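Written below as structure tokens is the structure these notes are about.
What follows is calculated from the coordinates using simple rules that are stated; it is not laboratory data. This one's a predicted model, so the numbers in the text were calculated from it and none came from an experiment. Here the Cβ is made from the backbone with ideal geometry for all residues, glycine too, and neighbour counts use every protein chain on show.
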Amino acid sequence: MALHTFIIPDPFYILGSTKKFCSKAVQNKIKGACDVNIKKAFGQPAPHSHPHLLGDDEVTPLIKKQEYQCRRQKLVDAVIKHAKKNCSHAENHMIIIPSTSKKYMSDKIPYVFRQNTDFLYLTGCQEPDTCAVITAGSHGSNHRVALFTRDKDDHAELWDGPRTHPEDAPGFFGVDQGLPMSDLSKYISSCKKALPHLSLWYDFEAAPHQDIHKIVCDYLHDSSNKTFDSPRNFIHKLRLYKSTAEVALMQRSCDIASKAFIETMSYSRPGIGENQLFAKVDYECRVRGAEILAYPPVVAGGTRATTIHYINNNQLVFNNEMVLVDAGCEYHGYSSDITRTWPINGRFTNQQREIYEIVLDVQKELIDLCAKRPSLDALFECMCLLLGKRLQELGLIGIQPNNNYLMQAAYQLCPHHVSHYLGMDVHDTPTISRNIKLEPGMIVTVEPGIYITEKSGLPKEYHGIGIRIEDDVLITVNGPVVLSRKCPKDICEVEQIASVGLEQCSKNV
Ligand SMILES: [Mn+2]
């Protein structure tokens, strides 16, 4: 395998460069890995090249080869069960899950690469221009997984770094076969010939890769058998329930974001730029190991908080204003999603405090309600009713003994849903209805808000107040567990942390 010589990492270089930073255990592990065999570099972190990230047998941090194999088996089982239930005559099934391709902002300048999460969930493969093809008979136990990875290309690898070559895919990802992408079309055709009554599972609507999409369309065009369906909902049904390893990753993602919020709150002071708070939260997440923020954060000072999707983040936040920050990070593929609203000078005004108390009380009540495992839509109705009642008590909604009226009035002030599923994607598993009951293993957000604009018809002193409080909640048999519990939200604590920045400013003066 002379072709690989140029990407074999020099073990002495690795040892030399990590000696100063690594614990003895990690150093020995690296040395052990080097003693056994000088392994070549892959297109993504591997246990031998990144022992600080990955343990033995892990394809991605904390998720082992066996877990990926188990996910694929469950997908195959679900597809076959569905086909049988629908009296399909399919004797064989072919499931095609493509990766994403690289996207460019201009010429050769790429956007940060983000993998198709359904593909990542099933393979652990983080590389672009790859594809998984799973074939199964009507029993499913003997299914076969072929992973297509990018063809070897010395020149491209010199520029972009190593790729995981097809022959290494079975060992690294635990698939049955590794093949070059250039063979994909041929492989699909040969499956068609070899496997009678073949049913195709491929998502035509959300095709993440144009070249692969073209290959699949060509196949279907030539095929006499036109049965096909999307496997997306089956994958989402699996992704909805988080495994032990996934819960650990989600917990870490929430811990990192929570700490970043505390640092950002204590960094805030009157006159600060929204961009500075954005940079602070980004830095504090990445410095703790998150790869990236999970979405463009909302950093909305003053009245801008009433614009739900405000992401310009280019204004200043002045004394007596609040700032609403909706941010989360992605940690080894798992997203957190937190919102806090705090007074920039560390002290709520009376009106701000009144509204904040309502949102906070309602948010806590909704989290408690999760113990009864309502659907997310039912939780939304609860939010409207609870907000309506509290706003009525405050005299901001007229007295009418009608619940529908209350809920409508509250919906005017909180025009977004109270929750979504959370996981690898921020709006996770979007094909799953919000009308199903919560179950152990699901992770959801709980995020009521109140946004009072000039058009609300409410008293002037409340205009421009926008408050949302959002936590990430794991449903367990013993009730809800708030994964983002380390992020403060009680009034005293928020005021205390948010006043740190101002105190430091006055000391420096
Ligand atoms: Mn959210």
Which peptide among 426-439, 487-500 comes first, and what is the full order, when sorted by highest mean count of other Cβ atoms within 10 Å?
487-500, 426-439
Excluding Phe278 itself, what net charge comes from residues whose Cβ is under 12 Å from its Cβ, given Lys and Arg +1 and Asp and Glu -1?
-3
Compute the long axis of helix 274-286 from its Cα atoms, compare it with the longest principal axis of the Cα atoms of the chain, and write down the angle in degrees, 0 to 90, nearest 10.
40
Chymotrypsin sites (Phe, Trp or Tyr not before Pro) restricted to DSSP loop in segment 154-231 with at most 13 other C-beta within 10 Å
Phe204
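What is the chain's relative contact order, in percent, from Cα pairs under 8 angstrom and six or more apart in sequence?
13
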What is the local net charge at Ile311, summed over the other residues whose Cβ is closer than 12 Å to its Cβ (Lys, Arg +1; Asp, Glu -1)?
-1
Report, by chain and number, residues whose modeled amide H sits under 5 Å from the one on Leu483, excluding near sequence neighbours (fewer than 5 apart, same chain).
Asp472, Val473, Leu474
How large is the translational diffusion coefficient of the chain in µm² per second when you combine the Kirkwood radius over alpha carbon pairs with Stokes-Einstein at 25 °C and 0.890 mPa s?
97
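For Phe204 and Cys505 in the same chain, what is the full-extension length gain: residue separation times 0.36 nm, less their Cα-Cα distance, in nm?
On the way: separation 301, 0.36 × 301 = 108.36 nm, distance 5.63 nm.
Contour length minus the Cα-Cα distance gives 102.7 nm.
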What whole-number volume per residue, in cubic angstrom, does the convex hull of the C-alpha atoms of segment 92-160 give?
101
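Restrict the search to segment 39-105; then list the GluC sites (Glu not before Pro) that DSSP places in a loop and that have at most 15 other Cβ atoms within 10 Å of their Cβ. Before the final figure, lay out the partial values.
Values: sites: Glu58, Glu67, Glu91; in loops: Glu91.
Qualifying residues, ordered by number: Glu91.
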From the phi of every residue in segment 436-443, what ³J(HN,Hα) in whole Hz does the Karplus formula 6.51 cos²θ - 1.76 cosθ + 1.60 yield, where θ is phi - 60° and glycine or proline is x?
9, 5, 5, 9, x, x, 7, 10
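Are any of the pairs Lys460/Lys489; Lys186/Lys237; Lys389/Lys437; Lys74/Lys152; Lys85/Lys372 more than 28 Å apart by Cα-Cα distance, and if so, which?
Working: Lys460/Lys489 26 Å; Lys186/Lys237 31 Å; Lys389/Lys437 25 Å; Lys74/Lys152 32 Å; Lys85/Lys372 31 Å.
As for pairs spanning more than 28 Å Cα to Cα, those are Lys186/Lys237; Lys74/Lys152; Lys85/Lys372.
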Ranked output for segments 258-269, 98-109 by mean other Cβ atoms within 10 Å, highest leading, reads 258-269, 98-109
Starting from the amide H of Ser138, placed 1.01 Å from N in the peptide plane, find each other amide H under 5 Å away whose residue is 5 or more places distant or on another chain.
none
